[in-house]
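This report refers to the structure that appears directly beneath it.
The values are calculated or read from the model by the stated rules, or taken from the named source; none is laboratory data. Every value quoted in this text rests on a predicted model; they were computed, and no experiment measured them. Cβ atoms come from the backbone with ideal geometry, glycine included; neighbour counts cover every protein chain shown.
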Amino acid sequence: MANIKSQIKRNKQNLVARERNRAVKSELRTRTKNAIAAVGTENEETALRSAIKRIDKAASKGMIHKNQAANKKSGLMRRINSLRAGN
């Protein structure tokens, strides 16, 4: 453990940021999973819109890189379109 006051504060800030990042990334996975599970149901559009909104919000807040957000959205749409074609 650090003895320096500024490093103690920095460690606390890192801990808070880490917990927030974990929560956001967990929510992204959950929303993506829900959007994929909702394909073919009446709330498909809502689930997809919600997932894309959360991905964009995470990118705008700096939780994930903007290119990673684009890749996640692209992959999600490709997966959903393949599931739609399979039905």
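Any residue in the stretch 36-45 that is of a type in the set (Gly, Ala, Ser) and part of a loop (DSSP other than H, G, I, E, B)? Quick ask: steps written out before the conclusion?
Restricting attention to the stretch 36-45, the residues satisfying the condition of being of a type in the set (Gly, Ala, Ser) are 37-38, 40.
Those left that are additionally part of a loop (DSSP other than H, G, I, E, B): 38, 40.
Yes, the stretch 36-45 has at least one match.
Of these, LEU15, LEU83, which one is over 14 Å from the mean Cα position of the chain (by Cα) and modelled with pLDDT of 95 or more? Working first, answer last.
Numbers: LEU83 fails: modelled with pLDDT of 95 or more.
The unique qualifying residue is LEU15.
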Is it the case that the stretch 60-68 has a residue that's under 30 Å from MET1 (Cβ atoms), loosely packed, with under 11 Cβ neighbours inside 10 Å and of a type in the set (Lys, Arg)?
-> no
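Those residues that are in contact with a helix residue (DSSP H, G or I) (Cβ under 6 Å, 6 or more places away or on another chain) and part of a helix (DSSP H, G or I), I need them from the stretch 53-64; list them, please.
So in the stretch 53-64, the residues in contact with a helix residue (DSSP H, G or I) (Cβ under 6 Å, 6 or more places away or on another chain) come out as 54-55, 58-59, 63-64.
Across the stretch 53-64, the qualifying residues are ARG54, ILE55, ALA58, ALA59.
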